Each structure stands twice: as structure tokens, then as C-alpha cells.
Amino acid sequence: MKHPRPPVRRAPASPFNRPRTATTHAFSDPRRIVSLALQVLRKAGREHPADSVLRDVLRAQAALSPQDSHEVTRAVFAYYRWLGWTREASSPDEALRLAQDCDRRFARDPGSFPDEDLARRAAPEWIAQEMETTPAWLRSLQGPPRLWLRTRRKDLERVAQELEECAPPTIKGCFQALEYRGELDLFRTPLFHSGAFEVQDIASQIVGHWCDPKPGETWWDACAGEGGKLLHLSDLMENKGMIWASDRAAWRLLKLKRRAARAGVFNYRSAPWEGGERLPTKTAFDGVLVDAPCSGVGTWQRNPHARWTTLPSDVHELAEAQLKLLRHASRGVKPGGRLIYSVCTLTRSETSGVARLFAESTPGFAPEALPAFPEAERGNNNEAWIWPQTNRSNGMYVAAWRRAGSA
Ligand SMILES: C[S@@+](CC[C@H](N)C(=O)[O-])C[C@H]1O[C@@H](n2cnc3c(N)ncnc32)[C@H](O)[C@@H]1O
């Protein structure tokens, strides 16, 4: 079936999807940019994440040029990135201006921000209870992350050639990844609409390689969401075998359906699952991936608003939810099959804390060694952290087990 290309629209702005344009235009109105940024700041809050408010505000500005949308996005994200430096400002306008100054100064001269200052201001105090807040990590929070593409295996060279301004990553084993350094709005390119690539952070791509599914196997992506990792698993399986996708958000599974059609992924089926004891299928799987909901601390450089809205109580609630999901999903692993737990967060309560509680309370699963990736820090043999500062990527944690017995 042919899938028509969607109408060309302004790409919604977000740290993942920066409005980009190859042409520059000379008529920016700085007052309008500031006024739109302030509109976002006024509406954003714990219940209204800044990136989604920003999308709505920009969507309502049909006449705004991509360049100006980009400037509004930059201003909003600078505001939250530097909030710890601007709290004493007399008004939101002044805070915004100070934050933009800090952003420019950090890009020009990062050393002018001493480590002690970053330790006090770049992240909320409570995070030090949950992870080691090294100077390198804190610095990584203040600069822009890199933009990574995951190409379909057969399209790697074509994408690199046609998009230009792509750099292969230095990470051995991430053979489908390209870092994009250009200015195009990627979501409008014919290559994107042909399914030749997805925007996917390199840390998430490493998770796919750690799963390492083989053609013909049967996998369950238990928290598949919009399918970022599922599409990768399918490509690694050469579209052969079967992947079950489940999630409690039906709208996410619908988005996955559209993405799968674009990528030409046909070896999957989806079913809703709330995370309870009753699994969506009786199938016993070669591999189960639990890419669990988490506090997202590993994405704080992309999403600086979340630094100030995430609470310690969220971390604890999410850790409990992850443990439950892991225990329940583990029942779908066949004897000899593998269970992979991943989260884009770095708090101890969620990551290693959940892995330890799972191992202590679930008999029949032995730690399964993860293949070495030079950029990942291995803890126990079966767990690894990817730190944002290593590649200017997201931070991730992964742990793996194998179920006792043979298939
Ligand atoms: C980290 S996201 C998954 C991202 C996805 N795997 C990807 O690579 O694009 C976590 C997902 O877990 C889902 N989720 C949250 N609570 C759940 C539950 N109790 N049962 C099943 N899914 C849940 C969320 O809707 C969300 O889509």
C-alpha cells in the first residue's frame, strides 16, 4: 500500500526537532521572538511541559518563519537551562535576557563558569542523593546535545550522501548511526518520508544493539510507545520473525503504526497492555525489552524544563512502576530467552535499584553479560550506563538477564 506524504507543515519545534532552514531571512523581529518565548514561559509548568506548550504556541503562528521559530525555541530552552543563574532577576523578561547571555557566554567560554557554580545551579539539589553529580555531567547539561540519525541498514550510504553534513559516530558497533550537523528541516526531506532514517539518539540505538535480536526470533517490546526502539529491532531482524508491541497509551501505538508503515516494518503486531499480571499474549518470547517509563534525568540536557519539574517522589513512584513492569513482563520470556530493562534516567533508585530488587525477588533469571561498548560504563557484568557527557547524547541505563532452562 502506498502511503501518501503528509502535507508540508512547519515542523513542530522541540529540542528533538529544531526548526531548520537552509535559507536565512533578514527580517527577524526580536521583540516578537521575546514575546512568544515569554508566552511559553507563562503557560509552562509541571502539568504543561515547556516543549509541548512551545509546540502549541508556534503552531498558532502560521506566519512565523522557520528561523524565528528556531530563535523562540532557543530562547525558551536557554531560559530553563540557566534558571539557576537567573532566579534573582526582577522580571521574566530580564531572566530571559540573562539566560540568553549565559548561553552565549557558555558557548564562547565554558571555562568562565566554575565547577562549583555549576554544582550549585545547573540541577536541583535533590539529584545529588540519587547520582554522582560530576562536573563533566553538569557541564554536559549546559550545552546543546548532538542530533543523531538511525538509518535503515540498507540506506546508510544513501542518507549520508544525500543529506550531506553527516558524520559517522566514533562508537564502534553503532553501524547505522549518523550525526547530523546541517541546517535542513529533516522532517520535510523526501528521505525521511521514504523511511530511510529516523531521528534517534545514539544511546537508544545502543539499547537496540544490546538487545541484538536475530532474524526469525520472537520479541516483545513491552513499553513500545511510538516505536523508536521497535523500528530498530525490526531492522536488525531484517524484518523477519515477529515483534509484539504493547503500551498502555493507545495513541502512542497508533503513531507507531504510522512510523512502521513509513519504515516498511511489517513484522510486528500491537496490543494494549496496562502493565498488569495478565500479559497481552501467551507467546513465550526469545527476548523481552522493557523500555520503562522513567524520570528522564538522562534527557535533562535536551529537556531542561524537566530539571525543575521532576520531584524525588516521581523517582520513587517510577521505580516502583518499573519493578512491577519488569516482574510482570519477565513472565513472557521463554526458558533460555533474554530480558532487557532500559531507562533514559540515571537515578540509583530507578536504574540499579530496580535491577537489584528484580534480581532478589525473581528466581529463575541469571545476569546476562552485555557486550562491551567503549562509550558505556559497565557496572556489574549485566548492567551499563551511558553518560550524556561521553557523546553529548542522552543518558541511559540498561540491565539484562537470561531465563534459566533451554528453549
Ligand atoms: C520510555 S517510553 C518508551 C519509548 C519507546 N520504547 C521508544 O523507544 O520510542 C515508556 C513507555 O511506557 C509506557 N507506559 C507507562 N506506563 C505503562 C504501563 N503501566 N504499562 C505499559 N506501558 C506503560 C508509556 O506510555 C511510554 O510509551
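Nothing in this text is a laboratory measurement; each read-out follows from the coordinates by a stated rule. Given the structure is predicted, the values throughout are model-derived calculations rather than measurements. Heads up, the Cβs are rebuilt from the backbone with ideal geometry, glycines too, and the neighbour counts pull from every protein chain shown.
How big is the equivalent ellipsoid of the range 319-407 along its three axes, where each semi-axis is √(5λ) from the Cα gyration tensor, reported in whole Å from largest to smallest?
23, 15, 10
Assign one of three labels to the range 147-199, namely rounded, prolate or oblate, based on the Cα gyration tensor with a ≥ b ≥ c the square roots of its eigenvalues; rounded applies when a/c is under 1.5, prolate when it is not and a/b is larger than b/c, and oblate otherwise.
Because a/c hits 1.5 or more and a/b fails to exceed b/c, the range 147-199 counts as oblate.
To the nearest 10 degrees, how steeply does helix 30-43 sit against the main Cα axis of the chain, on a 0 to 90 scale?
50
Report, in degrees rounded to the nearest 10, the 0 to 90 angle that the Cα long axis of helix 312-330 makes with the longest principal axis of the chain.
Approximately 30 degrees, to the nearest ten.
If each of TRP308 and ALA372 carries a label point 7 Å out from its Cα toward its Cβ, how far apart are those two points in nm?
Between TRP308 and ALA372, the simple spin-label model gives 4.3 nm.
If I take R0 = 22 Å and measure r between the Cβ atoms of ASN380 and ARG331 in this structure, what FRET efficiency does the formula 1/(1 + (r/R0)^6) give, to the nearest 0.05?
Between ASN380 and ARG331 the formula returns 0.40.
Listing PHE285, PHE365 from the residue with the fewest other Cβ atoms within 10 Å to the one with the most, what is the order?
Final ranking by Cβ density, sparse to dense: PHE365, PHE285.
Please report the antiparallel percentage of DSSP beta bridges with both residues in the chain, rounded to the nearest 5.
Just about 60 percent of them are antiparallel.
What's the local net charge at ALA292, with K and R +1, D and E -1, over the other residues with C-beta under 13 Å away?
Around ALA292, the charge tally is -2.
So for the range 143-235, averaging the separation of alpha carbon pairs under 8 Å that are six or more residues apart and normalising by length, what relative contact order in percent results?
The normalised contact order for the range 143-235 reaches 32 percent.
Give me the percent of DSSP beta bridges within the range 202-403 that run antiparallel, rounded to the nearest 5.
45
Could you sort the peptides 213-220, 301-308 by per-residue average Cβ neighbour count (10 Å cutoff), highest mean leading?
For the peptides 213-220, 301-308, the packing ranking is 301-308, 213-220.
Greater than 32 Å separation of Cα atoms is the criterion. Which listed pairs, LYS172/LYS324; LYS172/LYS282; LYS255/LYS324, meet it?
Pairs exceeding 32 Å: LYS172/LYS324; LYS172/LYS282.
Once a ≥ b ≥ c are taken as the square roots of the eigenvalues of the Cα gyration tensor of the range 51-166, is the result rounded (a/c under 1.5), prolate (a/b larger than b/c) or oblate (a/b not larger than b/c)?
Oblate shape, in that a/c is at least 1.5 and b/c is the bigger or equal ratio.
Per residue Cα convex hull volume for the chain, in cubic angstrom?
Per residue, the Cα convex hull of the chain comes to 142 Å³.
Between helix 92-108 and the chain, what is the angle of the helix's C-alpha long axis to the longest principal axis, kept within 0 to 90° and rounded to the nearest 10?
Approximately 70 degrees, to the nearest 10.
Cut-off is 10 Å between beta-carbons; in what order do GLU116, GLU183, GLU162 appear when sorted fewest neighbours first?
GLU116, GLU162, GLU183
Return a whole-number percent for the relative contact order of the range 218-310, with Cα pairs under 8 Å and 6 or more residues apart as the contact set.
Reported relative contact order: 34 percent.
Taking the Cβ of each residue in ASP68, ASP117 as the centre, tally the other Cβ atoms inside 10 Å and list the residues starting with the fewest.
The order, fewest Cβ neighbours first, is ASP117, ASP68.
Using only helices, what value at 222 nm comes out for the chain when you add -39,500 (n - 2.57) per DSSP H run of length 4 or more and divide by the total residues, to the nearest 500 deg cm²/dmol?
Taking each H run of at least 4 residues, the total per residue is -11500 deg cm²/dmol.
Compute the distribution of all C-alpha to C-alpha distances in the range 202-403, in bins of 10 Å from 0, and list the percent of pairs in each, rounded to whole numbers.
For the range 202-403, the pair-distance distribution reads 9, 37, 40, 14, 0.
Can you give me the relative contact order of the range 273-407 as a percent, contacts being Cα pairs under 8 Å and 6 or more apart?
29
Over what distance in Å are the Cα centres of the range 152-186 and the range 28-94 separated?
Using only Cα atoms, the two centres lie 30 Å from each other.
Could you let me know the centre-to-centre spacing of the range 278-292 and the range 362-404, using Cα atoms, in angstrom?
What the calculation gives is 20 Å, centre to centre.
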